[in-house]
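Colleague: Below you'll find the structure I mean.
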Amino acid sequence: MSFIFLLTGVQLPQLAASTLAERAGDYGALAAAAAAASAEVQEAVSSVAADNQGSTTDAFLANTQGSGSAAEHLTQLSEAAARTQEVFVVAATRLATCKVAMKSIAKAAEQPFLRELLNPNLAQGRIRQIQIVAAARRRLVAVESSTTSVIDAAFAGLMLPSPFAVEYYTAVPPEIADAWDDLSVEQKRRLMQLLADQQADRLGIPRTTIEFYNDPSDTSMGVRTGDGKLRINEAYYDSPDMIGVPVHEMQHMAQYVYMDEYDDIARDPEYLDDVLAGRVPDPLQEQYGVSTEDVQRLKEGNASHVRDKGYWERPVEIDARRSGDRFTDGLTIQEFEELVK
């Protein structure tokens, strides 16, 4: 790198334009995938509509094609990804141009600066060197500032859809909701504990005794505490959504068990590298059925700087919601009745 950068105190951008170009490619791939998925959803919906009719079909079409539908979300995602791709292309192009221009400015200042070292009038030579460096600095800063402004404006003007509404759980079927309403508080407690125990067994982690409390001011239905306890808020027993809470929270329990064991593995970096590269058996995969690589991503996505960006968007929450959703989605009234016997 030219010594002019050192003398001017202006650094050449370290970020590679190719990195931004790669990110643009990623968003392009996302746009294409989302568009294809949207088309497949719409084709499937059209197929159902072609073979069925009546009020139920009308309701299905309204739900799958209207506002908030999966097809709409995928279309919005595709369009937003395409716009984001364009912005990253602009950023990559401007960054590459900026770096070329800054290198050219520095290169052009090198020879005049070095020639002044041979100036017999040392004082005059030093003054001219200072002037050369100052002029180079002004030009470098101008290029850098112009590039930053263009890139900032491109991202500031990026139109993205509002965040999609996130449901805590998918709706419990009406017949199960009615059966839940008929249970006594004691029956609901026993069911909560049974569901937590079953989920612990499925995940291969120790069972835990639920601590029940009743606090209407607490917006949480349930929580895994920092010291590893499971607490269920009975203030929400009127909601059948409570059925999925033990499954959700035990998934959190498992996540922290996995991350703790990942920390043990990571204490030996060479061993961790061997596990990730597949050179040695994966202990987490063998014991829990989850890969060390997946747990590593889960841990990275739970870091403080990620947590600060939003609660629902964190990988640990997405994973736990998915577990609760799958359970309530697949639960039949017959299975529910068997659970409460």
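Colleague: Would you mind telling me which residue in PRO246, PRO120, PRO161 has the biggest mean-square fluctuation in a Gaussian network model of the chain, where springs connect alpha carbons within a distance under 10 angstrom?
Modeller: Evaluated over the chain, the most mobile residue of the options is PRO120.
Colleague: How long are the semi-axes of the equivalent ellipsoid of the stretch 174-339, defined as square roots of 5 times the Cα gyration tensor eigenvalues? Whole Å, largest first. Please list the in-between numbers first.
Modeller: Numbers: eigenvalues 213, 60, 36 Å².
For the stretch 174-339, the ellipsoid semi-axes come out as 33, 17, 13 Å.
Colleague: Still on this structure, please answer the following. Report the full-extension gain for the segment THR19 to VAL150: residue separation times 0.36 nm, less the Cα-Cα distance, to one decimal in nm.
Modeller: Numbers: separation 131, 0.36 × 131 = 47.16 nm, distance 1.79 nm.
Once the chain is fully extended between THR19 and VAL150, it gains 45.4 nm.
Colleague: Could you check which residue among ALA123, ALA136, ALA92 shows the biggest mean-square fluctuation in a GNM of the chain with a 10 Å Cα cutoff?
Modeller: The residue with the greatest mean-square fluctuation here is ALA123.
Colleague: Stick to the Cα atoms of the stretch 1-120, pair each with every other, and give me the Kirkwood hydrodynamic radius in Å at one decimal.
Modeller: Result for the stretch 1-120, one decimal place: 18.6 Å.
Colleague: So, one more: When only C-alpha pairs under 8 Å and at least 6 residues apart count, what is the relative contact order of the chain, in percent? Numbers along the way, then the final one.
Modeller: Details: 338 pairs, mean separation 51.2, N = 341.
For the chain, the relative contact order is 15 percent.
Colleague: Mind checking which of LYS107, LYS188, LYS299 has the largest fluctuation in a GNM of the chain, springs on alpha carbons under 10 Å?
Modeller: Top of the fluctuation ranking is LYS107.
Colleague: Explain nothing, just compute: Karplus ³J(HN,Hα) = 6.51 cos²θ - 1.76 cosθ + 1.60, θ = phi - 60°, for every residue of the stretch 137-145 in order, whole Hz, x for Gly and Pro.
Modeller: 4, 4, 5, 5, 5, 5, 5, 4, 5
Colleague: Tell me, what HN-Hα J-couplings in whole Hz come from the Karplus equation 6.51 cos²θ - 1.76 cosθ + 1.60 at θ = phi - 60° for each residue of the stretch 148-159, using x for Gly and Pro?
Modeller: Going residue by residue, I get 4, 5, 5, 5, 4, 5, 5, 6, 5, x, 6, 8 Hz, with x marking Gly and Pro.
Colleague: Sticking with this structure for a sec: Per-residue HN-Hα couplings for the stretch 128-136, Karplus 6.51 cos²θ - 1.76 cosθ + 1.60 at θ = phi - 60°, whole Hz, x for Gly and Pro?
Modeller: Working through the residues one at a time gives 5, 4, 4, 5, 4, 5, 5, 5, 5 Hz.
Colleague: With n ≥ 4 as the cut-off for DSSP H runs, can you work out [θ] at 222 nm for the chain, using -39500 (n - 2.57) per run divided by the number of residues, rounded to the nearest 500? Don't skip to the answer; put the middle values down first.
Modeller: Numbers: 14 runs with 233 residues, N = 341.
Calculated at 222 nm, the ellipticity per residue is -23000 deg cm²/dmol.
Colleague: From zero up to wherever the largest Cα-Cα distance of the chain sits, split into 10 Å bins and tell me the percent of pairs in each.
Modeller: All Cα pairs, binned at 10 Å, distribute as 5, 15, 19, 20, 17, 10, 7, 4, 2, 1, 0 percent.
Read-outs: derived from the displayed coordinates by stated rules, not from any lab. The model shown is predicted, which means the values in this text are computed figures rather than measured ones.
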